[in-house]
Structure formats: C-alpha cells, structure tokens
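The values are calculated or read from the model by the stated rules, or taken from the named source; none is laboratory data. Note that this is a predicted model, so its numbers are computed, not measured. Ideal geometry is used to build each Cβ from the backbone, glycine not excepted, and the neighbour counts take in all protein chains shown. These accessible areas exclude ligands, DNA and RNA; they are computed on the full protein's heavy atoms, side chains included. Shrake-Rupley method; radii C 1.70, N 1.55, O 1.52, S 1.80 Å.
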Amino acid sequence: MMDTFANSRQKTALTLGSLAFAISFAIWGLLSGLMPILKKDLHLTATEASLLVALPVILGSLGRLPAGIMADRFGGKRIFLAILILMLIPAVALGFAHDYSTYMIVAAFLGIAGTSFSVGVTFVSRWFPPEKQGTALGVYGAGNIGQSIAVFGAPALASHLGISWAAWIFAAAALIYAAIFCRLAEDAQWHVNPKSFSQCMSVLLKQPMSWVLSLLYFQTFGGFVALALYMPMLLKELFDLTPADAGLRTAVFVLIATFGRPLGGWVSDRFNPDRILTVVLTGLIPCAFLMTSPDLGYFTVGALSAAALVGIGNGAVFKLVPSIFPKDVGTVTGLVGAAGGMG
C-alpha cells in the first residue's frame, strides 16, 4: 500500500518529517510527564502545577503562526532544523532546574518545540498531490506519539536515574536526530515566489475559512492536548494512581489519538471531510459526560473514545488546510495550529 501511495523521495520526506515532529512533541511534553513527580518534590499547588504544564503549550501554540510563515518563505527544512537545535537549550536546562521560578523559565522556552507542527505540515504537504495530502498529513500528525513517549518514558527514566538524566537523555536523542535530519532532509521543489509577512497576514484577514478551520482544530486538537498534558496529574489526584500507572494510561490515550489521525486523513481522502467532522464533534458530547464520572471505568471509556474521535478529527481538519490553501499552507497551518494549542 505504501509503495502505491508514495515514491521513495516522498516516503523519505514523510518519515523524516514525522520523526522530527515526534521528537519535538516529546520535548514539548517533558514537563507534563514529569509533573506528578515535580508536584510532590516542589510541594506545588494545583494552580502552580497547571500553570507550569500550560506555559509551553500556550507559547508554543502562539509561535506556530510566525513559524508557519517562515516555513512558507524559507522552506520547511531550514526552519525545522532551527527548531530541533533551539529546543535543545531548554531540554538541557531542565536538568539543572531546582526551584519553581527556574522551571517556569525553562517551560517558556520549551514552547519552541511546540512551534514545529506548522513547519512540518508545510515540509510534508509540498511533497504530495492534493488527493494524497490527507493521508500524508495524517501519518505526519501521528508524530503526536512523542507525547506518549514523554508521559510514559520521562517518569520511568526519572524514577531510576533522576529528573536531570531523564531530561538529558531526551535532549541527546533530539541532538542525534537533528544531525540525521540535517543530512537527509530536503525541501520539495516549489515554484512560488515567497510572500512578505504582510501578504501572509492578508490571507488570514481576507479568507474567513481559515478561521473556521481554526475553530474546528480548537476543539479537536485542543481536546487532545488538554487531556494528554493534564491526564497524568488528573489520574493521580482523582483516582489515586501511581505516577507510572497514570503515565501508562495517558500513553494509551495518546496512542489511540495518534493512530486515529492517519485514519482520519485516509478516510478524508476518500469521503467528505465535512461529514467526518460532524460525526466527530457529535460523538464527543457523550464522551465528555462519561469523563465527568467519579468511576474510573466510565472515565476510561469516555477518555479512550474521545481519543479516537479527536484523532480522526485532527486528520480531517488537515486534509482541508492544504486543499483550500495550497499556496499558504504554512501560514494557515500556523493559525490553525495556534488555535488548537490554545484550545
């Protein structure tokens, strides 16, 4: 199936982009994975812990718009490589942090990793024709699995080696991959003159559909990020689970949402993505009610069902972005991606 879907250069670009996104997402989610341990060690209140988890998400989401614009202008490879290198700084610094204020500074700079999404969409989508972009971007979006690696791997490493070494191991993996990406990745041939910043912004002002897609992603990806980042702490607080058990359950949630994304893209290549999104948003309503239950069983059914739905919804939204805005993928992805993170 993969042989008929893409040629060797397309498969290489898709693999490299997806792995770069996974690495970035793992770095972005480090604090979330470590939060059950940090909350206890630093004696944090629920508000302090929530703010520490939310800060890289907010700043990373806001940074997706300028990152997407730069990818449209300068190519996805250059900007993606810059992100892979820059995010090493907070990942390494995380291993030296020992108090709340320092962790807050590190959290702010971890937001750099979160800007990678819009860059990767530009990098990957330009390798594929419109009829295959839904599937391609669904596979790319499966890089969400990096969050699963963070919420399960980071506390497991920290329990054996300490928080510092857990952070440094993630940083070392990112450094190695940055070298691989620099050596093997290349931008697709794209014969469009780069637009100025004002021209890029005018697309967002004159095309209301970009804001409609943002609202849809606000709900689907926003729901995924909120649950993926807060679930370790939520499960520990509400159901008295151990950090390892909470991390494992969250990892399963992330995996289901991750594999739902390429499914959503694949289905959207064959059917009307508008109808798919209608089914997704309708189905999330009973899932939300199940997650209000104090019973772990009902909560689990609601959460895992929601994971499948938001994954499919994320894939459907990003079938629409390059189809409607083929010349402004990075810019519109920046706006839509920012809305998703803010959600």
- Among the residues of segment 249-260, is any of a type in the set (D, E, K, R) and over 30 Å from LEU204 (Cβ atoms)? yes
- Item | Which listed residue, of PHE128, PHE96, is closer than 28 Å to ASN314 by Cα and either open to solvent by 40 Å² or more (accessible area, probe 1.4 Å) or out of contact with any Pro (no Cβ under 7 Å at 6 or more places or on another chain) (or both) | PHE128
- Read through the list (1) within 27 Å of ARG126 (Cβ to Cβ); (2) of a type outside the set (Lys, Arg); (3) crowded, with 24+ Cβ neighbours inside 10 Å, then give the number of the only condition that LEU31 fails. (1)
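Please tell me if MET70 is hydrophobic (A, V, I, L, M, F, W, C), at pLDDT below 85 and either open to solvent by 70 Å² or more (accessible area, probe 1.4 Å) or under 24 Å from PHE259 (Cα atoms) (or both). Let's see the steps before the verdict.
Numbers: hydrophobic (A, V, I, L, M, F, W, C): yes; at pLDDT below 85: no; either open to solvent by 70 Å² or more (accessible area, probe 1.4 Å) or under 24 Å from PHE259 (Cα atoms) (or both): yes.
No: the conditions fail for MET70.
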- Message: Among (1) under 15 Å from ILE27 (Cβ atoms); (2) of a type in the set (A, V, I, L, M); (3) modelled with pLDDT of 85 or more, there is one condition ILE149 misses while meeting the rest; what is its number?
- Response: (3)
- Message: Within segment 104-114, does at least one residue satisfy the condition of being outside any helix (DSSP H, G or I) and either on the phi < 0 side of the Ramachandran plot or open to solvent by less than 40 Å² (accessible area, probe 1.4 Å) (or both)?
- Response: no
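Between ALA91, ALA97, which is of a type in the set (A, V, I, L, M) and outside any helix (DSSP H, G or I)? Before the answer, list the steps.
Values: ALA91 fails: outside any helix (DSSP H, G or I).
After applying the criteria, what remains is ALA97.
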- Does segment 227-237 contain at least one residue that is small (Gly, Ala, Ser), surrounded by 18 or more Cβ atoms within 10 Å (Cβ to Cβ) and either over 24 Å from VAL139 (Cβ atoms) or in contact (Cβ under 8 Å) with a residue 60 or more places away in the chain (or both)? yes
- Message: Suppose we keep only residues that are open to solvent by 60 Å² or more (accessible area, probe 1.4 Å) and in contact (Cβ under 8 Å) with a residue 60 or more places away in the chain within segment 240-251. Which one would you say is farthest from PRO130 (Cα to Cα)?
- Response: ALA244
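Could you list, in sequence order, the residues of segment 35-66 that are over 27 Å from PHE218 (Cβ atoms), open to solvent by less than 30 Å² (accessible area, probe 1.4 Å) and in a helix (DSSP H, G or I)?
As a first pass, look at segment 35-66 and keep what is over 27 Å from PHE218 (Cβ atoms): 36-45.
With the extra rule that they be open to solvent by less than 30 Å² (accessible area, probe 1.4 Å), the set shrinks to 36, 38, 44.
Result: PRO36, LEU38.
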- Note on the structure: ILE69 meets each of (1) assigned to a helix (DSSP H, G or I); (2) out of contact with any Cys (no Cβ under 7 Å at 6 or more places or on another chain); (3) in contact (Cβ under 8 Å) with a residue 60 or more places away in the chain with one exception, condition (2)
- Among all residue pairs at least 6 apart or on different chains, which show Cβ distances below 6 Å where the first residue, located in segment 254-280, is under 11 Å from LEU320 (Cβ atoms) and open to solvent by less than 20 Å² (accessible area, probe 1.4 Å) and the second is among the basic types (Lys, Arg) and in a helix (DSSP H, G or I)? GLY265/LYS319; SER268/LYS319; PRO273/LYS319
- Query: Consider ASN144 against the criteria (1) more than 27 Å from LEU38 (Cα to Cα); (2) open to solvent by less than 10 Å² (accessible area, probe 1.4 Å); (3) at pLDDT below 90; (4) not acidic (Asp, Glu): it satisfies all of them except one. Which criterion is unmet?
  - Reply: (1)
